[in-house]
Amino acid sequence: MSGDGRGAAEVSPQSADETGEQPAERFAELMGEVMAAAERFGHRQHVHLTWLAVRRHGTAAAVGLVGEGIRRTARAAGAPEKYHATMTRAWVELVGHHAGRAGTAVACGADLACGADLEAFDAFADRHPELLDTALLSRFYRTATLASAEARAGWVEPDLRPFPWQRTDR
């Protein structure tokens, strides 16, 4: 559970949304949108995928949607060990936090009422370049913590400093 009380609700990978669409279909749709403008699935594309999930489904649902999608993708690629539960949730919550500060964390659904997603993502990334830094989590976690089997398998709280929404010194 996050320190701000919003916690990442566990979303069942088998539960359909209000339209009847399965999470695997939602993830594939998001992945298709991200990859339509990319040659490879690097860190920026991970952040873009996460941002789309947060905008369309909210942060809590995005944790389950992105987590299960990445876990399924890694398993299908024959590399299930590449999935990392703590890193996935941390990135989703960081993107959700920054999207919320930008006024975009409210789930807007799959309709395009949220605006042109690629241009909006580029503007978001320009405002939050720290999210494109692959070493960002090292501000919050020790290397050994992220390398642990416990962090790979499930959520582990930051052990260097709290995430911005967890801070109590404000």
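The values are calculated or read from the model by the stated rules, or taken from the named source; none is laboratory data. All values reported here derive from a predicted model rather than from experimental measurement. Cβ: placed from backbone, ideal geometry, glycine included. Neighbour counts: every protein chain shown.
Looking for something modelled with pLDDT of 95 or more, among the basic types (Lys, Arg), assigned to a helix (DSSP H, G or I) and over 12 Å from Leu94 (Cβ atoms) - is there at least one such residue anywhere in the range 145-156?
There is at least one residue in the range 145-156 that is modelled with pLDDT of 95 or more, among the basic types (Lys, Arg), assigned to a helix (DSSP H, G or I) and over 12 Å from Leu94 (Cβ atoms).
Does at least one position in the range 36-45 carry a residue that is modelled with pLDDT under 95 and of a type in the set (Phe, Trp, Tyr)?
yes
Closer than 24 Å to Ser148 by Cβ and either in contact with a His (Cβ under 9 Å, 6 or more places away or on another chain) or not basic (Lys, Arg) (or both): does that describe Ala61?
Spelling it out, it is not the case that Ala61 is closer than 24 Å to Ser148 by Cβ and either in contact with a His (Cβ under 9 Å, 6 or more places away or on another chain) or not basic (Lys, Arg) (or both).
Only one of these is crowded, with 19+ Cβ neighbours inside 10 Å and at pLDDT 95 or above: Leu131, Leu136. Name it.
Being crowded, with 19+ Cβ neighbours inside 10 Å and at pLDDT 95 or above holds for just one of Leu131, Leu136, which is Leu131.
Considering the range 25-46 alone, what residues qualify as being of a type in the set (A, V, I, L, M, F, W, C), under 20 Å from Met87 (Cα atoms) and surrounded by fewer than 21 Cβ atoms within 10 Å (Cβ to Cβ)?
Met31, Phe41
Can you tell me which residues in the range 62-87 are of a type in the set (Val, Ile, Thr) and surrounded by fewer than 21 Cβ atoms within 10 Å (Cβ to Cβ)?
Thr73 - this is the single residue of the range 62-87 that is of a type in the set (Val, Ile, Thr) and surrounded by fewer than 21 Cβ atoms within 10 Å (Cβ to Cβ).
Among what's in the range 58-109 and is farther than 17 Å from Gly154 by Cβ and among the polar types (S, T, N, Q), pick the residue that is modelled with the lowest pLDDT.
Residue satisfying both the conditions and the ranking: Thr104.
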